[in-house]
1. Of all residues in segment 117-130, which are hydrophobic (A, V, I, L, M, F, W, C), away from the ligand (no atom under 16 Å from the Cβ) and either at pLDDT below 95 or touching a strand residue (DSSP E or B) at 6+ places or on another chain (Cβ under 8 Å) (or both)?
2. From the set of residues in segment 41-63 that are open to solvent by less than 20 Å² (accessible area, probe 1.4 Å) and near the ligand (Cβ under 10 Å from one of its atoms), which is farthest from Y103 (Cα to Cα)?
3. Looking at segment 159-188, which of the residues that are open to solvent by 80 Å² or more (accessible area, probe 1.4 Å) and over 22 Å from L74 (Cα atoms) is nearest to the ligand (Cβ to nearest atom)?
4. I'd like the residue in segment 95-149 that is part of a strand (DSSP E or B) and either open to solvent by 20 Å² or more (accessible area, probe 1.4 Å) or free of Cβ contacts under 8 Å to residues at least 60 places away in the same chain (or both) and, out of all such residues, is nearest to K221 (Cα to Cα).
5. Out of segment 68-80, which residues are assigned to a loop (DSSP other than H, G, I, E, B) and within 11 Å of the ligand (Cβ to nearest atom)?
6. Go through (1) open to solvent by 60 Å² or more (accessible area, probe 1.4 Å); (2) within 13 Å of the ligand (Cβ to nearest atom); (3) under 26 Å from G165 (Cα atoms) for R38 and report which single condition fails.
7. For segment 74-93, give me the residue count where each residue is under 23 Å from T184 (Cα atoms), open to solvent by 80 Å² or more (accessible area, probe 1.4 Å) and hydrophobic (A, V, I, L, M, F, W, C).
8. I'm told R32 meets every condition in (1) among the charged types (D, E, K, R); (2) under 24 Å from A173 (Cα atoms); (3) more than 13 Å from the ligand (Cβ to nearest atom) except one. Can you identify the failing condition by its number?
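The values are calculated or read from the model by the stated rules, or taken from the named source; none is laboratory data. What you see is a predicted model; the values in this text were computed from it and never measured. Heads up, the Cβs are rebuilt from the backbone with ideal geometry, glycines too, and the neighbour counts pull from every protein chain shown. For accessibility, only protein heavy atoms count, side chains too; no ligands or nucleic acids. Shrake-Rupley method; radii C 1.70, N 1.55, O 1.52, S 1.80 Å.
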Amino acid sequence: MQISGSVALVTGANRGLGLAFAGELVRRGAARVYGAARDPGTVTEPGVQPVALDITDGDQVERAAAQCADVSLLVNNAGVLRYSTFTSAPDLDAARQEMETNYFGTLRMCRAFASVLAAAGGGAIVNMLSITSFFTNPFNASYGASKAAEWSLTNGVRLELHHQGTLVVAVHAGFIDTEMAALTDAPKISPESVAGQVFDAVEAGQVEVLADERSRDVKAKLSRDHELIYPPIQEFWDAAVSGTS
Ligand SMILES: NC(=O)c1ccc[n+]([C@@H]2O[C@H](COP(=O)([O-])OP(=O)(O)OC[C@H]3O[C@@H](n4cnc5c(N)ncnc54)[C@H](OP(=O)(O)O)[C@@H]3O)[C@@H](O)[C@H]2O)c1
């Protein structure tokens, strides 16, 4: 599908990557860009129409689908990262919030907008996943679980909506230069680069975007993950818990 003339909705459009997605859609000539945010007053990008939407709230999701019934491109960008481990986190709060937002929130959006996209002739869904969909890292363990679940959801929704011609794009990236990755000094890709690659993929009909070298490298190593991916993570984690790193 072409971005020019499309009607798009971006979740979490007020900041970070969502802001870059919304700006790029405007630049590429989308006919309308709905910028969804928990506080619509924080959506200030020129050309973007604010919509109130907390993706963990089923009523708000249904309302957004009714209010934005002309959408042909849904960008499920909103997400949360709590940097929580499985076994030493004090409780399940972080794991639940990540799963409720990243997995159930995206699932709610796909369900609510499936018929909207069908009415638009198929359209497209972009799900913003992560390199952590592919492997577990104790530094963001429960986030990884939620992104792995969201990856599975993305592959399933693609199969389920194929008959109505909906393109479903999975986007994986390592660190992106936003507030979410502010804690690390590791190399980061720019949100503008991710947005550009994603909409090029939508226009080309591609189902997957591996947005940076790290994502491409990890995906290529998946069949040998216990030899190539986990040992260095284990070494780093053991050093961290023993206080030597
Ligand atoms: N940054 C990275 O390194 C990185 C790497 C790979 C993938 N990702 C993914 O990229 C996406 C965007 O992340 P980002 O880097 O832009 O993070 P960010 O700067 O922390 O922004 C997160 C966005 O999601 C919104 N959000 C959170 N919970 C929400 C909810 N329940 N309902 C609606 N909106 C909600 C936030 O809204 P508020 O302003 O209201 O909090 C904000 O707009 C996420 O899915 C993230 O997992 C990020």
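1. If the condition is that a residue be hydrophobic (A, V, I, L, M, F, W, C), away from the ligand (no atom under 16 Å from the Cβ) and either at pLDDT below 95 or touching a strand residue (DSSP E or B) at 6+ places or on another chain (Cβ under 8 Å) (or both), then L117, A120, A124 are the ones that fit.
2. Taking the candidates together, the pick is V43.
3. In this case the residue turns out to be E179.
4. Start the filter on segment 95-149 by keeping residues that are part of a strand (DSSP E or B), which leaves 124-128.
Checking the rest, the ones that are also either open to solvent by 20 Å² or more (accessible area, probe 1.4 Å) or free of Cβ contacts under 8 Å to residues at least 60 places away in the same chain (or both) come to 125, 127.
On the way: I125: 27, N127: 22 Å.
Result: N127.
5. Matches in segment 68-80: N77, A78, G79, V80.
6. (3)
7. 1
8. Here R32 meets the rest and fails (2).
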